[in-house]
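Enquirer: Structure provided below as structure tokens; questions to follow.
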Amino acid sequence: MNTPVLEVRELSKRFGGINATDRVDLDVHEGEILAVIGPNGAGKTTLIAQLAGMLAPDSGRIRFAGRDITGLPPHARARLGMARSFQITSIFDALSVLDNTLLAVQAHAGHSYRFWRRARRDKKLTEPAMAALQQVGLADKAAANARGLSHGEHRQLEIAMALAGTSKLLLLDEPMAGMGGEESARMVDLLRALKSSKSILLIEHDMDVVFALADRITVMVDGKAIASGAPEEIRADENVRRAYLGVETPGDA
Amino acid sequence: MQLSRPPVRLGVRLLVLLTFAILPGLTAAFDQPFLLDLALRMMILATAAVSLNLILGYGGMISFGHAAYIGIGAYAVGIPAYYGEYSGYVQLPLAIGAGALFALITGFICLRTKGVYFIMITLAFAQMAYFAFVSIEEYGGDDGLVINLRSKFTGVIDMESTHEFYYVVLVFLVGALYLVSRIVNARFGMVIQGAKDNEPRMQSLGFDTFRYRLACYVIAGAMAAAAGWLMGNYNYFFSPEMMSWTHSGELIFMVVLGGAGSLFGPVLGAIVLIILEEVLSGATVYWPLILGAILISVVLFARGGLEGALAMLERRK
Ligand SMILES: Nc1ncnc2c1ncn2[C@@H]1O[C@H](COP(=O)(O)OP(=O)(O)OP(=O)(O)O)[C@@H](O)[C@H]1O
Ligand SMILES: [Mg+2]
């Protein structure tokens, strides 16, 4: 519970005149769920994009699994054990639902310079892929084309792909957004069950979900991490109440 | 959901391959050597189109320079022959190796770009290869290079025999199809198809997509150069004109017409395009215009090409 898996120091990113990320410090410890909350446009997705390596920070450092990864490309970070889910669903439209998760498993199963054996008949890939679909409740759609799924199902697939690998850190950007109540509840149970084996950085607007799952919370406003602490501390924090919690929670579903 | 769908595509595949297989017997019986010649051209260009389909159809890498590899393969016959080296054991590996090397070097640069830029750079490299061979007087310049003997596999195959050469070509075509079918369904092929569909997602999953794409590009280049090796042998001649962008365009046409990203599509595309060219060029001087109109209609109205149309037949029945 004490070693930080992810350490972010003084991370900054500007877009023109906007400080999208403003000297952010945060840690994610082993086996914990850190929730990052904040109003629309606070810079949460921009933060994740920098952690995952898709966006280069202007300054600051990111350490993951004991090494500095600030300059590493996305695929190298993923190989070190970082998985990401996207706020805006990003899946393989032209492939089947199973293929989508199969690729996520394959990414962690050594190199893919294998030219002969059929991947879809490889139990080492299909079994974990099916298991991930089972976890999110999408197993009965395994053979369907990913393009044809409903919006909620797309969201479930997005999560399945993040879970399917052997990653030790999950960066989840509003995973429940767009899901029905039943699926949402299932996800909350699922994430709680994963806590022992994985660390999670969770971005979430729904405060019930946040307070149900988070071990610690970081509040972002205008690119700054204005407060960090246990849920009770955050709930009691005057600054947070004024800047964020006091106002009606802006959901963007 | 229908329980048994008529296997239209499988039927067409078997019919086409069977026809190719028995054609030498038929043309001999009916004394139509012209047809055999036509079938040879179809099969060689189909082999090249199958290799293009690997990168274009499955990988989304629209190369506008694939004819360059046919040239490289053909010169790997002609240049050694010019110096008296006729051994197929030298020429064929040389063709494959040179094709792979050209793909590795140019792919390393091309694959850093996307979309239209990729198309333009592949075209530029192919044109460079074209002008390089035009400028080398020693090997015929733009008059081309005459190849007086086909590759020799002494004691194994007599490539000078039309029938034996014909079956060598058929084996290459079937081999190319089998190879691509294995590759695209293996782990490697999953990566290639994923990268076509959503490259950022592949990277965030942990795939170094550039390297996989480059490997794919090299495999396709080597295969196309093998088709070029067949082409040089077939014609006893190679002219740099056959590496020009119009021929690269023809290969793209075959893939798109037959159905990009379907295994057998490029073969159907090659067959239909060559028949169309034969028929239309005899009928009117405006035939390229008509071909162009057909291509545009396929792109606009039949995205899956001929294979897509056949698949639709299966579903309708
Ligand atoms: N590529 C970009 N170019 C310019 N500005 C950007 C870019 N990406 C984000 N921004 C801006 O940076 C700020 C932070 O955006 P970000 O998407 O990170 O917010 P967020 O906290 O994820 O919001 P939401 O809750 O709506 O998802 C916003 O003002 C946004 O307009
Ligand atoms: Mg966001």
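The values are calculated or read from the model by the stated rules, or taken from the named source; none is laboratory data. Since we're looking at a predicted model, the values are computed, not measured. Don't worry about glycine lacking a Cβ; one is built from the backbone with ideal geometry, like all the others, and counts go over all protein chains shown. Accessible surface areas use protein heavy atoms only, side chains included; no ligands, DNA or RNA. Shrake-Rupley method; radii C 1.70, N 1.55, O 1.52, S 1.80 Å.
Enquirer: Run the 1.4 Å probe and let me know the accessible area of A:Thr45, rounded to the nearest 10 Å².
Expert: 50
Enquirer: Then there is this: Over region A:1-76, calculate the relative contact order: mean separation of alpha carbon pairs under 8 Å at least 6 apart, over the residue count, as a percent.
Expert: 35
Enquirer: Under the Karplus relation 6.51 cos²θ - 1.76 cosθ + 1.60, θ = phi - 60°, what is the ordered set of whole-Hz ³J(HN,Hα) values for region A:56-68, x standing for Gly and Pro?
Expert: Each residue's phi maps through the Karplus curve to give 8, x, 6, 7, x, 10, 10, 10, 9, 6, x, 9, 6 Hz.
Enquirer: Still on this structure, I have one more. Per residue of B:180-190, how many C-beta atoms from partner chains lie within 10 Å of its own C-beta, taken as a mean?
Expert: 6
Enquirer: Working with all protein chains in place, sort B:Met223, B:Met120 by solvent-accessible area computed with a 1.4 Å probe, largest first.
Expert: Greatest to least solvent exposure: B:Met120, B:Met223.
Enquirer: Amide H neighbours of B:Gly261 under 5 Å, counting only residues 5+ apart in sequence or on other chains, H built in-plane at 1.01 Å?
Expert: Close amide H contacts, sequence-distant or interchain: B:Gly57, B:Tyr58.
Enquirer: Follow-up question, since we're still on this one. Based on Cα coordinates alone, diagonalise the gyration tensor for the protein assembly as shown, multiply each eigenvalue by 5, take square roots, and list the semi-axes in whole Å, largest first.
Expert: 55, 25, 20
Enquirer: Still on this structure, I have one more. With chain B treated as a Gaussian network of Cα nodes joined by springs under 10 Å, which of B:Ala76, B:Ala28, B:Ala270 yields the largest mean-square fluctuation?
Expert: Comparing B:Ala76, B:Ala28, B:Ala270 in a Gaussian network model of chain B, the most mobile one is B:Ala28.
Enquirer: Anything losing 50 Å² or more of accessible area from the isolated chain to the full protein assembly: pick those residues out of region A:68-98, probe 1.4 Å, ligands and DNA/RNA ignored.
Expert: Those are A:His75, A:Phe92, which lose 50 Å² or more relative to the chain on its own.
Enquirer: Now a separate question. With no solvent and one equal point scatterer per Cα, compute the Debye intensity ratio I(q)/I(0) for region B:1-43 at 0.16, 0.31 Å⁻¹ and report its log10, rounded to two decimals.
Expert: Relative scattering, expressed as log10 I(q)/I(0), comes to -0.51, -1.04.
Enquirer: Can you compute 3J(HN,Hα) from phi for each residue in region B:55-60, using the Karplus curve 6.51 cos²θ - 1.76 cosθ + 1.60 with θ = phi - 60°, rounded to whole Hz and x for Gly and Pro?
Expert: Each residue of region B:55-60 in turn: 7, 7, x, 8, x, x Hz.
Enquirer: Between B:Glu241 and A:Lys123, what is the FRET efficiency for a Förster distance of 56 Å, r being their Cβ-Cβ separation, to the nearest 0.05?
Expert: 0.60
Enquirer: With solvent modelled as a 1.4 Å probe, how much accessible area in total do chains B and A shield from it at their shared surface, in Å² to the nearest 100?
Expert: Heavy-atom accessible area buried at this interface is about 3000 Å².
Enquirer: Once you've got the Cα coordinates, tell me which of A:Lys124/A:Lys195; A:Lys124/A:Lys198; A:Lys141/B:Lys114; A:Lys124/B:Lys114 are over 26 Å apart.
Expert: Checking Cα-Cα distances, A:Lys141/B:Lys114; A:Lys124/B:Lys114 exceed 26 Å.
Enquirer: How do A:Ile69, B:Ile294 stack up against each other in accessible area, from largest to smallest, with a 1.4 angstrom probe?
Expert: B:Ile294, A:Ile69
Enquirer: Cross-link candidates for A:Lys44: which aspartates and glutamates have Cα within less than 17 Å, leaving aside residues fewer than 8 places away along the same chain?
Expert: Straight-distance partners of A:Lys44: A:Glu7, A:Glu10, A:Asp22, A:Asp25, A:Asp27, A:Asp58, A:Asp173, A:Glu174, A:Glu204, A:Asp206, A:Asp222, A:Asp252.
Enquirer: Extension gain B:Ile22-B:Glu199, at 0.36 nm per residue separation less the Cα-Cα distance, in nm?
Expert: Result: 59.3 nm gained on full extension.
Enquirer: So how exposed is A:Lys195, as accessible area in Å² (1.4 Å probe, rounded to 10)?
Expert: 50
Enquirer: Heavy atoms only, 1.4 Å probe, whole protein assembly: order B:Asp142, A:Asp22 by accessible area, highest first.
Expert: If we order B:Asp142, A:Asp22 from most to least accessible, we get B:Asp142, A:Asp22.
Enquirer: Suppose each label sits 7 Å from its Cα in the direction of the beta carbon; what would the B:Val171-A:His111 distance come out to in nanometres?
Expert: Label-label distance for B:Val171 and A:His111, simple model: 3.1 nm.
Enquirer: Pairs of Cα atoms under 8 Å, at least six residues apart: use those to get the relative contact order of region B:7-316, whole percent.
Expert: Rounded, it is 33 percent for region B:7-316.
Enquirer: If you project the alpha carbons of region A:89-166 onto their three principal axes, what span does each projection cover, largest first, in Å?
Expert: 34, 23, 21
Enquirer: Please work out the ratio of the alpha-carbon Rg of region B:71-145 to 2.2 N^0.38 Å and round it to two decimals.
Expert: Expressed relative to 2.2 N^0.38 Å, the Cα Rg reads 1.25.
Enquirer: Here is a follow-up. Suppose each label sits 7 Å from its Cα in the direction of the beta carbon; what would the B:Val116-A:Arg67 distance come out to in nanometres?
Expert: 4.1
Enquirer: Follow-up question, since we're still on this one. For region A:1-72, what is one quarter of the convex hull surface built on the Cα atoms, given in nm²?
Expert: If you wrap the Cα atoms of region A:1-72 in a convex hull and average its projections, you get 4.8 nm².
Enquirer: Can you give me the Cα centroid spacing of region B:242-301 and region A:2-16 in angstrom?
Expert: The two parts, judged by their Cα centres, are 54 Å apart.
Enquirer: Something else: If contacts are Cα pairs under 8 angstrom and at least 6 residues apart, what is the relative contact order of region A:89-166 in percent?
Expert: 50 percent.
Enquirer: What angle do you read, to the nearest 10 degrees and between 0 and 90, between the alpha-carbon axis of helix A:151-164 and the longest principal axis of chain A?
Expert: Taking the Cα atoms of chain A, the angle to A:151-164 is about 80 degrees.
Enquirer: Using the alpha carbon gyration tensor of region B:7-316, what are the three equivalent-ellipsoid semi-axes (square root of 5 times each eigenvalue), largest first, in whole Å?
Expert: Values for region B:7-316, descending: 28, 25, 19 Å.
Enquirer: How large is ³J(HN,Hα) for each residue in region B:10-25, as worked out from phi by the Karplus curve 6.51 cos²θ - 1.76 cosθ + 1.60 (θ = phi - 60°), to whole Hz, x for Gly and Pro?
Expert: Computed from phi, the couplings for region B:10-25 are 4, x, 5, 4, 5, 4, 5, 5, 5, 4, 4, 5, 9, 4, x, x Hz.
Enquirer: Also, I was wondering about something else. Of all DSSP beta bridges in chain A, what percent run antiparallel (nearest 5)?
Expert: Here the antiparallel bridges make up roughly 55 percent for chain A.
Enquirer: Still on this structure, I have one more. What is the Cα centroid distance between region B:94-147 and region B:13-53, reported in whole angstrom?
Expert: Region B:94-147 and region B:13-53 have Cα centres spaced 28 Å from each other.
Enquirer: Skip the ligands, DNA and RNA, and give the accessible area per residue of chain A with a 1.4 Å probe, whole Å².
Expert: For chain A, the solvent-accessible area averages 43 Å² per residue.
Enquirer: Apply the Debye scattering formula to chain A, with a single equal point scatterer on each alpha-carbon and no solvent, then give log10 I(q)/I(0) at q = 0.10, 0.11 Å⁻¹.
Expert: -0.48, -0.58
Enquirer: Still on this structure, please answer the following. Along Cα→Cβ, 7 Å out, is where each label goes; now give me the distance between the ones at A:Ala94 and A:Phe15 in nm to one decimal.
Expert: Taking the two extended label points, one gets 2.9 nm.
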